[in-house]
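Structure first, then comments.
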Amino acid sequence: MIDNHIEKKPSIGDAFPKITVETTYGKKTLPDDYRGKWLILFSHPGDFTPVCTTEFVAFEQLYPKFRERQTELLGLSIDQVQPHMKWTEWIEQHLHIPITFPIIADPLGTVANKLGMIHSAQHTKTVRGVYIIDDKGIIRAIFFYPAEVGRNLHEIYRTLYALQTADQYHVALPADWPHNSIIGNKGMIPPPSDVQEKNKRIQQAEAGEINCFDWWFCYKDIGN
Ligand code: BEZ
């Protein structure tokens, strides 16, 4: 019986808990084995299910782009290593896509439970969870999708790219970035936290260093 209600689940900004897992590519210790890289850890409801199959193909197809951003992929479900291998073999034989990232075997749901990936609608299966973990082992984003809706891989990639861009330029990224309807691909300067900062924003805008609609609504070019 999987008990889903005891530990506090990790949140954005927490250090990812240290866990050793069995995967289709051997034992791994999270987050240490991925230090220096970003990691997308994602759960799926089960092997040999159609929507999950489409997601695995989509993750694999985008894997080269994730790798360009120093990012690794790692799947997880409440299945054993052998069904994971049988299923990925099937995907390769029938859909001609070799799945080259590892998948965690979590048959007792221990890891999934720790990460809040088992929700009340489906006690014995994981929902479609996504953790984005940065190169220092900090959780930067968490998504949950229901079993009946496959994930948008481009949104997961966009979020990763936006987080890396936010870190690099000390900005926040607007709705639909990099195609925002008001400021396009520019970065937003987080609102000032005191009067001194507010006055600095006004001076920077007057000097043409940044653009502002108002002192709390400023943005700048981030060269992309
Ligand atoms: C699927 O991946 O096709 C699926 C898994 C669980 C429930 C519904 C659909």
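Derivation of every value follows stated rules applied to the coordinates shown; laboratory data play no part. Keep in mind that this is a model prediction, so the values were computed, not measured. Every residue, glycine among them, receives a Cβ derived from its backbone with ideal geometry; neighbour counts consider all protein chains shown.
Tabulated values for the structure
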| read-out | value |
| --- | --- |
| Residue within the stretch 7-19 that is of a type in the set (Ser, Thr, Tyr) and closer than 19 Å to Asp79 by Cβ present | no |
| Single residue of Gly26, Gly46, Gly36, Gly13 found to be under 25 Å from Pro146 (Cα atoms), more than 16 Å from the ligand (Cβ to nearest atom) and of a type in the set (Gly, Ala, Ser) | Gly13 |
| Filtered residues of the stretch 140-154 (kept if of a type in the set (Gly, Ala, Ser) and within 14 Å of the ligand (Cβ to nearest atom)) | Ala147, Gly150 |
| Qualifying residue in the stretch 196-207 (condition: in a loop (DSSP other than H, G, I, E, B) and not basic (Lys, Arg)) | yes |
| The stretch 55-64: number of residues that are within 10 Å of the ligand (Cβ to nearest atom) and exposed (fewer than 14 other Cβ atoms within 10 Å of the Cβ) | 0 |
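Results for (1) away from the ligand (no atom under 14 Å from the Cβ); (2) farther than 20 Å from Glu7 by Cα, shown as yes or no for each residue.
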position	(1), (2)
Phe66	yes, yes
Glu72	yes, yes
Ser77	no, no
Thr100	yes, yes
Ile104	yes, yes
Ala121	no, no
Gly129	no, no
Ile138	yes, no
Thr159	yes, yes
